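Participant: One structure is given below, represented as structure tokens, and several questions about it will come after.
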Amino acid sequence: MSDSTKVSSFFRITPILMAVTIVLGFSMQLAMGRSSFSARPLVHIHAIIFMGWVALFVIQSRLAASGSKALHRKLGQIGAGLSALLVILGFWITIDVVQRGLTPFFFQPQHFLIANPLTVLVFAALTAAAIRFRRHPDWHMRLHICALAGIMGPAFGRLLPMPFLIPYAFEIAVIFGLIFPAAGMIRDWRTEGRIHQAWWSGVVPILLILLAATFLAQSSLGNAAYRAVTEGHPGSRLPGLDFPPPPAL
């Protein structure tokens, strides 16, 4: 986050609400017995890095509000490193899931293989832009919110009735994350009489990447990528553009 001298309540509260939503999503899966701590190490590493980044996001918003600039800058360097790890792990776990044939049954494996990494790349681009604009608090804070909103699909995917959202479950889960930038737009309109350009700079790429993912997944390039990733793995037995069968009850 940035060296802001004045941070409105919206930018103090929104990171907390986003973090609570993420924790609720993953906690619900655990409470319902759909996930456990017996998952393979890659899943745990991904979860630790992701939750670490979310926790740092909340801490940084509080530091920005309190004016603790020196600590804010130091933690920002850690945040940049965690962001890079998130991108690597996002690609890694997506490939791992598809190769194992474990794509959730409400996603097409081939679409999941293309769309998930693309949303991670948008997160990386928006985070990099937020860091680039760290001396411009108005842009910096808004871009960070958009960056996290763009990868909240997995959290909302655990809160929404995903099987009933087929064939648009992936898109709907991602779009639900845009509730937070949308709230920021409404806040800007009410308090400043205009919507800050940073919101559009964050939201539009997220929406465009959803369209691009659908197009690429159904293209010959998507077919080739799916074959290359799944060859020699259990996932190769699943047709890339079919929805996998639901788990047996």
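Participant: Taking 0.36 nm per residue of sequence separation and subtracting the Cα-Cα distance, how much length would be gained by fully extending the chain between residue 75 and residue 223, in nm to one decimal?
Facilitator: 49.1 nm
Participant: OK, next. Using DSSP to call loops (not H, G, I, E or B), can you name the trypsin sites (Lys or Arg not before Pro) in segment 125-232 whose Cβ has at most 13 other Cβ atoms within 10 angstrom?
Facilitator: Qualifying residues, ordered by number: 135, 194.
Participant: How large is ³J(HN,Hα), in whole Hz, for each residue of segment 116-122 in order, when computed from phi with the Karplus curve 6.51 cos²θ - 1.76 cosθ + 1.60 and θ = phi - 60°, using x for Gly and Pro?
Facilitator: Per-residue couplings from phi come out as 4, x, 5, 5, 5, 5, 5 Hz.
Participant: Among 92, 189, 53, which one shows the biggest mean-square fluctuation in a GNM of the chain, springs joining Cα atoms closer than 10 Å?
Facilitator: Sorting by GNM fluctuation, first place goes to 189.
Participant: Could I ask something else about it? Once you have all Cα-Cα distances for the chain, histogram them in 5 Å bins from zero and send the whole-percent values.
Facilitator: Distribution as computed: 1, 6, 13, 17, 19, 16, 12, 8, 5, 2, 1, 0 percent.
Participant: A further question follows. Stokes-Einstein diffusion coefficient for segment 18-117 at 4 °C in a medium of 1.567 mPa s, Rh from the Kirkwood formula over Cα pairs: what value in µm²/s?
Facilitator: 84 µm²/s
Participant: Additional query: Under the Karplus relation 6.51 cos²θ - 1.76 cosθ + 1.60, θ = phi - 60°, what is the ordered set of whole-Hz ³J(HN,Hα) values for segment 139-145, x standing for Gly and Pro?
Facilitator: Each residue of segment 139-145 in turn: 6, 4, 5, 5, 5, 5, 5 Hz.
Participant: Taking a virtual spin label 7 Å from the Cα of residue 165 along the C-beta vector, which residues in segment 199-214 bring their backbone nitrogen under 19 Å of it?
Facilitator: In segment 199-214, the label zone of residue 165 (backbone N under 19 Å from the point 7 Å along Cα→Cβ) covers 203-214.
Participant: With a cap of 13 neighbouring Cβ atoms within 10 Å, and only residues DSSP puts in a loop, list the chymotrypsin sites (Phe, Trp or Tyr not before Pro) found in segment 122-186.
Facilitator: Qualifying residues, ordered by number: 168.
Participant: Distance between the C-alpha centers of segment 159-216 and segment 63-85? Whole Å please.
Facilitator: 26 Å
Participant: Residues in segment 93-115 near a label at residue 43, defined as backbone nitrogen under 20 Å from the 7 Å Cα→Cβ point?
Facilitator: Within reach of a label on residue 43: 93-110, 112-113.
Participant: Apply 1/(1 + (r/R0)^6) to the Cβ-Cβ distance of residue 182 and residue 100, taking R0 = 30 Å, and write down the FRET efficiency to the nearest 0.05.
Facilitator: 0.25
Participant: Looking only at 52, 150, 193, which one moves most when the chain is put into a Gaussian network model with springs between Cα atoms under 10 Å?
Facilitator: Result for the chain, Cα springs under 10 Å: 193 fluctuates most.
Participant: Let's test the formula: R0 of 22 Å, r as the Cβ-Cβ distance of residue 200 and residue 12. What FRET efficiency results, to the nearest 0.05?
Facilitator: Once the sixth-power term is evaluated, E becomes 0.45.
Participant: Can you show me the helix-derived [θ] at 222 nm for the chain, built from DSSP H runs with n ≥ 4 at -39,500 (n - 2.57) apiece and divided by the number of residues, rounded to the nearest 500.
Facilitator: After summing the helix terms and dividing by residue count, I get -24000 deg cm²/dmol.
Participant: Same structure, new question: With springs only between Cα atoms under 10 Å, which of 43, 122, 203 fluctuates most in a Gaussian network model of the chain?
Facilitator: In this elastic network of the chain, the residue with the biggest mean-square fluctuation among 43, 122, 203 is 43.
Participant: Moving to a separate point now. May I have the extent of the alpha carbons of segment 174-235 along their three principal axes, as whole Å values ordered from largest to smallest?
Facilitator: 57, 20, 13
Participant: Now for a different question. Can you give the charge dipole size of segment 13-109 about its Cα centre, rounded to the nearest 20 debye, using +1 on the beta carbon of Lys and Arg and -1 on the beta carbon of Asp and Glu?
Facilitator: The dipole magnitude comes to about 240 debye.
Participant: While we're here: Which one of 197, 113, 232 has its Cα pushed farthest toward the positive end of the charge dipole of the chain, where Lys and Arg give +1 and Asp and Glu give -1 at the Cβ?
Facilitator: Result: 197, furthest along the dipole toward the positive end.
Rule-based calculations on the coordinates, nothing more; no lab input. Since the structure is predicted, the reported quantities are computational estimates derived from the model, not experimental observations. Heads up, the Cβs are rebuilt from the backbone with ideal geometry, glycines too, and the neighbour counts pull from every protein chain shown.
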